[in-house]
Amino acid sequence: KIDNYTSQGDALFNLRLVYQSMEDARKAEECRQQQIAIAKELLSKQLGNNFTEIAQTVALDVTADFAGSDLSRIDLQYANFVGANLQKTNLSGANLTLADLSGANLNGANLSQANLCNANLRDAKLVEAYLKDADLRTKLPRADLTNANLSGADLSSAYLPSAKLVNVDLSNASLQNADLSGVNLSRANLRGANLKRTDLKDAILEKTIFTQNIGISEHQKQEWVGRGALFEISD
């Protein structure tokens, strides 16, 4: 039964090549979307449990063919997206537990309410990504989250050494027990964030905004002010 889907995927891939050679981008894109639809159907019919492996059986290039696609609310557990281009991809509500996204390009992607628990996001690019209320209890060393929205996200015990979080919205996020050592948090918004036992050793706090935070001692407050942090006076 899966052979029929494989044949369809191969035919669409070959048709894509024809349209690309004719410089017909619209028709080529239609073929790509049909391939993705077939992969989703295979997953929904439980004819496979690893979406990236399924995608390859229908001639999709996992590293390039999902940019800008709608993969919302899909089970992507254990998916292999190493170095993949997922720029502006809709992954809202997706299950990315234990997925490998190391080195992936997720710039501008929608990951709101996505489950990224124990996913590998080492060196991932998440510039301007939308991660509101996402589960990010995982490893993100050296990840670039510049201008990303992580409001309400769960980063409890997350590992983010040397990550870039410039101008990031972390309002009301949970950073309890998280390792943010060496992180660049310049101009980040941490209003209402839970910072209980958060490691901010050597973190850059220039113009980082704090207010109504859980877990900050007076000693930490004074130290962070000395490093450029801004503490707003709450009403």
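Scanning segment 186-214 for residues being of a type outside the set (Lys, Arg) and either in contact with a strand residue (DSSP E or B) (Cβ under 6 Å, 6 or more places away or on another chain) or touching a residue at least 60 places away in the same chain (Cβ under 8 Å) (or both) gives a total of 10. In segment 181-194, the condition of being at pLDDT 95 or above and more than 20 Å from Asn149 (Cβ to Cβ) is met by no residue. Of all residues in segment 167-211, those being part of a loop (DSSP other than H, G, I, E, B) and over 23 Å from Asp135 (Cβ atoms) number 9.
Out of all the residues in segment 221-232, is one or more closer than 23 Å to Asn90 by Cα, part of a strand (DSSP E or B) and either touching a Phe, Trp or Tyr at 6+ places or on another chain (Cβ under 7 Å) or of a type in the set (Phe, Trp, Tyr) (or both)? Don't jump to the end; show me each part of the working.
Initially, segment 221-232 is screened for residues closer than 23 Å to Asn90 by Cα, giving none.
Checked against the condition, which is being closer than 23 Å to Asn90 by Cα, part of a strand (DSSP E or B) and either touching a Phe, Trp or Tyr at 6+ places or on another chain (Cβ under 7 Å) or of a type in the set (Phe, Trp, Tyr) (or both), segment 221-232 yields no hits at all.
Among the residues of segment 59-79, some residue qualifies, meaning at least one is on the phi > 0 side of the Ramachandran plot, among the small types (Gly, Ala, Ser) and crowded, with 17+ Cβ neighbours inside 10 Å. Just one of the listed residues (Ala163, Ala143, Ala134) is buried (at least 21 other Cβ atoms within 10 Å of the Cβ) and closer than 20 Å to Asn213 by Cα, namely Ala134. When Leu116, Leu155 are checked against the criterion of being under 10 Å from the mean Cα position of the chain (by Cα) and surrounded by 21 or more Cβ atoms within 10 Å (Cβ to Cβ), Leu116 stands alone in meeting it.
Within segment 18-38, is there a residue that is among the β-branched types (Val, Ile, Thr), part of a helix (DSSP H, G or I) and crowded, with 16+ Cβ neighbours inside 10 Å? Spell out the reasoning first.
Initial filter on segment 18-38 (among the β-branched types (Val, Ile, Thr)): 18, 36, 38.
Subset that is part of a helix (DSSP H, G or I): 18, 36, 38.
Checking which are crowded, with 16+ Cβ neighbours inside 10 Å leaves us with 36, 38.
Checked against the condition, which is being among the β-branched types (Val, Ile, Thr), part of a helix (DSSP H, G or I) and crowded, with 16+ Cβ neighbours inside 10 Å, segment 18-38 yields at least one hit.
For Leu195, the conditions (1) of a type outside the set (Lys, Arg); (2) within 18 Å of Ala229 (Cα to Cα); (3) crowded, with 20+ Cβ neighbours inside 10 Å; (4) out of contact with any Gly (no Cβ under 6 Å at 6 or more places or on another chain) are fulfilled apart from (4).
Has segment 94-102 got any residue that is within 24 Å of Leu12 (Cβ to Cβ) and modelled with pLDDT of 95 or more? Among the residues of segment 94-102, at least one is within 24 Å of Leu12 (Cβ to Cβ) and modelled with pLDDT of 95 or more, which makes the answer yes. The combined condition, being modelled with pLDDT of 95 or more and in contact with a strand residue (DSSP E or B) (Cβ under 6 Å, 6 or more places away or on another chain), is not fulfilled by Asn147.
The values are calculated or read from the model by the stated rules, or taken from the named source; none is laboratory data. It should be emphasised that the depicted structure is a prediction, and the values quoted were computed from it without experimental measurement. Cβ sites come from the backbone with ideal geometry, for glycine too, and all protein chains shown count toward neighbours.
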